[in-house]
Amino acid sequence: MKALQLKIQNFKSDDRAKIRDMAISTASGCKLSDRRLVADFLTEYYVKYEPEHLLVAEGGNEVAGYLLGCFDTSRCRRIKVGRVIPRAVTKSLLRTAIGIESL
């Protein structure tokens, strides 16, 4: 069996859906039923605010993995708490996908 050759490159907007799918499928211990909310919590900050710190591993023209990071942890927390999380929860509530117990 031949080993898959991976190529590491910068995030492209075309990678967003696959990264979100991977984030959802690998999230452990999450009891939320709204998969889009989970993906928003895990990836949205990096996709919107620091895409330059989002690396993607590709193999065979498919996303095989990703690595997220932030340059400034304080800024990351501030934006997540002030923008990302409220927006994600609001969108989820509008989809009526979560109940009050999830919040």
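The values are calculated or read from the model by the stated rules, or taken from the named source; none is laboratory data. From a predicted model like this one, the values you see are computed outputs, not experimental measurements. Don't worry about glycine lacking a Cβ; one is built from the backbone with ideal geometry, like all the others, and counts go over all protein chains shown.
Rundown of residues vs (1) within 22 Å of Ile79 (Cβ to Cβ); (2) assigned to a helix (DSSP H, G or I); (3) among the hydrophobic types (A, V, I, L, M, F, W, C), yes/no style:
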{"residue": "Ile24", "(1), (2), (3)": "yes, yes, yes"}
{"residue": "Lys31", "(1), (2), (3)": "no, no, no"}
{"residue": "Arg36", "(1), (2), (3)": "yes, yes, no"}
{"residue": "Glu52", "(1), (2), (3)": "yes, yes, no"}
{"residue": "Glu58", "(1), (2), (3)": "no, no, no"}
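Report the residue count in segment 71-84 for those that are at pLDDT below 95 and surrounded by 15 or more Cβ atoms within 10 Å (Cβ to Cβ).
Qualifying residue count, segment 71-84: 0.
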Within segment 23-54, count every residue that is modelled with pLDDT of 90 or more, surrounded by fewer than 15 Cβ atoms within 10 Å (Cβ to Cβ) and over 21 Å from Pro86 (Cα atoms).
1
Count of residues meeting criterion [outside any strand (DSSP E or B) and either under 18 Å from the mean Cα position of the chain (by Cα) or charged (D, E, K, R) (or both)] in segment 60-84
15
Here is a list: Arg20, Arg87. Which entry is surrounded by 15 or more Cβ atoms within 10 Å (Cβ to Cβ) and either part of a strand (DSSP E or B) or of a type in the set (Lys, Arg) (or both)?
Arg20
When you scan segment 7-17, how many residues do you find that are under 18 Å from Gly60 (Cβ atoms) and surrounded by 13 or more Cβ atoms within 10 Å (Cβ to Cβ)?
1
Does segment 7-15 contain any residue that is small (Gly, Ala, Ser), in a loop (DSSP other than H, G, I, E, B) and under 16 Å from Leu68 (Cβ atoms)?
no
Flagged pairs (Cβ under 8 angstrom, 6 or more apart or on separate chains; first in segment 27-53, at negative phi; second hydroxyl-bearing (Ser, Thr, Tyr) and surrounded by 20 or more Cβ atoms within 10 Å (Cβ to Cβ)) are Asp34/Ser92; Arg36/Ser92; Leu37/Ser92; Asp40/Ser92; His53/Tyr46
